[in-house]
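The values are calculated or read from the model by the stated rules, or taken from the named source; none is laboratory data. This is a predicted model, so every value here is computed, not measured. For neighbour counting, all protein chains shown are included, and Cβ atoms are generated from backbone atoms with ideal geometry for every residue, glycine included. Side chains are part of the model used for accessible areas, which takes the heavy atoms of the whole protein and leaves out ligands, DNA and RNA. Shrake-Rupley method; radii C 1.70, N 1.55, O 1.52, S 1.80 Å.
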Amino acid sequence: MPMDALPDLAAMSLAEVAQALADQRLPPVERWNPVHCGDSGMRIARDGTWWHEGAPIGREAMVRLFSTILRREPDGAYVLVTPVEKLDIAVEDAAFQAVEMKVEGAGAEARLVFRLNTGDLVTAGPGHALRFAAKEEGPRPYLHVRGGMEALVVRAIYYELAELALANDPPGVWSDGAFFPVEPRE
């Protein structure tokens, strides 16, 4: 993934979004099986901040780079993986945050594209489901990103989703031909 400036999703046309999605290239971390080397000393906080040895990582480009080698293991653990090493990383809630949303179309023809805190673009749909988890503080929406990893949809975007959902009966949102009901689940 190039480390260029983050995309301005609001200013992009649907064709530009489609091209940006096609241009996203990630390392083949699912094919790398190096020896486990220990702990990275890193964690992704509930608010999406990446930390290393007790200090936040302030360089967006570093966070974006690390996010490209992040993988979720079959046991649910998260690791940073390269062809030669694998290190544990703690994730408090979700590996990513969906911080911006663009809506094109309406009803069953709608398309919801999300920009993540790492700059990645993800279109909700059959391969990238939205789910609403029941939490003590209320329902929390999550977007499947890749390899079992999800993005927590930030509160401001959640309110936009709720407005869209309430226009449907039953409440839910359409994107890329798939319907995602707002039915919080554990």
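A few notes on this one:
- Each 10 Å bin, from zero up to the one with the longest distance, holds this percent of the alpha carbon pairs of the chain: 9, 36, 35, 17, 3, 0.
- Antiparallel beta bridges, as assigned by DSSP with both residues in the chain, represent about 80 percent of the total such bridges.
- Calculated [θ] (222 nm, deg cm²/dmol) that DSSP helices of n ≥ 4 give over the chain, each run adding -39,500 (n - 2.57): -4500 deg cm²/dmol
- On full extension, the segment bounded by Ala167 and Arg25 gains 47.6 nm, given 0.36 nm per residue less the C-alpha separation.
- Our summary gives the chain a relative contact order of 19 percent, counting only alpha carbon pairs under 8 angstrom and 6 or more residues apart.
- 19 Å cut-off, amide nitrogen to a point 7 angstrom out along Asn33 Cα→Cβ, residues in the range 74-109: 74-88
- Label positions at Glu73 and Ala55, each projected 7 Å from the Cα along the C-beta direction, are separated by 2.8 nm.
- 11 Å beta-carbon shell around Cys37, net charge (K/R +1, D/E -1): -2
- Under 5 Å between amide hydrogens, built in the peptide plane, is the criterion, and for Ala129 it picks out His144 among residues at least 5 positions away or on other chains.
- Apolar share of the accessible surface for the range 56-186: 54 percent from carbon plus sulfur atoms, 1.4 Å probe.
- Against the main long axis of the alpha-carbon atoms of the chain, helix 155-165 sits at an angle near 40°.
- Cut-off 15 Å between beta-carbons: net charge of the residues surrounding Leu166, Lys and Arg +1, Asp and Glu -1: -4
- Counting only protein heavy atoms and a 1.4 Å probe, the range 67-186 has 45 square angstrom of accessible area per residue.
- Each residue of the range 172-179 was assigned a 3J(HN,Hα) from its phi angle through the Karplus curve 6.51 cos²θ - 1.76 cosθ + 1.60 (θ = phi - 60°); the sequence is x, 10, 9, 7, 6, x, 10, 10 Hz, with glycine and proline shown as x.
- Phi to ³J(HN,Hα) by Karplus 6.51 cos²θ - 1.76 cosθ + 1.60 over the range 141-154, Hz, x for Gly, Pro: x, 10, 10, 5, 9, 5, x, x, 9, 10, 10, 6, 7, 5
- Residues whose amide H falls under 5 Å from that of Val182, counting only those 5 or more places apart or on a different chain, are Gly172, Val173, with hydrogens built in the peptide plane.
- Three-way shape label, the range 96-186, alpha-carbon gyration tensor, a/c 1.5: rounded
- Farthest positive-ward along the range 28-186 dipole, Cα basis, beta-carbon charges - from Val79, Phe179, Trp32: Trp32
- Table column - 3J(HN,Hα) (Hz), the range 53-67, Karplus curve with 6.51, -1.76, 1.60, x for Gly and Pro: 6, x, 10, x, 7, x, 8, 4, 4, 5, 4, 4, 5, 4, 5
- Note on Ala108 and Lys135: with the Förster distance fixed at 35 Å, the Cβ-Cβ geometry gives a FRET efficiency of about 0.75.
- Of the residues Arg111, Arg155, ranked by 1.4 Å probe accessible area with the largest first, the sequence reads Arg155, Arg111.
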